[in-house]
Amino acid sequence: MGKNILEAMTSNPCAIEADRSVAYAAQMMKQEDVGLAPIVENGRLVGMLTDRDIVVRVVAEGKDPDTVNASDVASSNLVTIDPQQDLDEALALMARYQVRRLPVVEGDGRLVGVVAQADVAEESKPKKTGEMVGEISKD
């Protein structure tokens with residue numbers, strides 16, 4: 001592919017501070033029309049919150065979204081990528097870990113972007129894109 005992550009990623013994603021409520025996070029996600037929100041502490045990535053996390057870990061458990069912190073229900077076992085890495089590496093990570101989005105962090109843990117399956121697909125060859133989607137979608 002030749003391009004690096006920096007060229008394809010979404011820069012400055014709308015991140016949520018770790019101490020904000022799940023209700024706040026859900027409102028922001030609705031406003032931004034996204035299903036994923038990076039959770040940060042002082043600009044450093046500490047988790048990723050998905051709309052599914054909210055449903056499964058808050059709503060289905062009968063918890064109050066106004067009192068639960070976003071960081072308490074966000075996924076913290078993260079797969080990340082450096083902005084200087086190649087899109088082929090993003091493709092391999094997405095397939096290996098079956099994820100559709102990768103947070104882009106610098107060496108100090110500071111969030112600088114998010115690269116999505118669609119970003120990689122735009123830049124890659126159709127055959128590679130098809131293989132990636134197949135790997136990511138495996139059960």
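Taking all protein chains as they are arranged and a probe of 1.4 Å, the heavy atoms of LYS63 leave approximately 100 Å² accessible to solvent. Taking θ as phi - 60° and the Karplus parameters 6.51, -1.76 and 1.60, the scalar couplings of the range 99-110 work out to 10, 9, 9, 10, x, 9, 10, 7, x, 8, x, 6 Hz in sequence order, x denoting glycine and proline.
Principal-axis analysis of the Cα atoms of the chain puts helix 22-32 at an angle of about 40° to the longest axis. Summing Lys and Arg as +1 and Asp and Glu as -1 over all other residues whose Cβ lies under 14 Å from the Cβ of VAL73 gives a net charge of -3.
Modelled spin labels at LYS63 and ASP33, positioned 7 Å past Cα toward Cβ, are 2.9 nm from each other. Local charge for LEU45 was computed over the other residues whose Cβ lies under 11 Å away, with Lys and Arg +1 and Asp and Glu -1, and equals -1. For the residues GLY35, GLY109, GLY62, a GNM of the chain with alpha-carbon springs under 10 Å puts the largest fluctuation on GLY62.
The values are calculated or read from the model by the stated rules, or taken from the named source; none is laboratory data. The structure displayed is predicted, hence computed values, not measured ones. Using ideal geometry, Cβ is built from the backbone for each residue, glycine included, and neighbour counts are taken over all protein chains shown. To get the accessible areas, we keep the full protein, side chains included, count just its heavy atoms, and leave off ligands, DNA and RNA. Shrake-Rupley method; radii C 1.70, N 1.55, O 1.52, S 1.80 Å.
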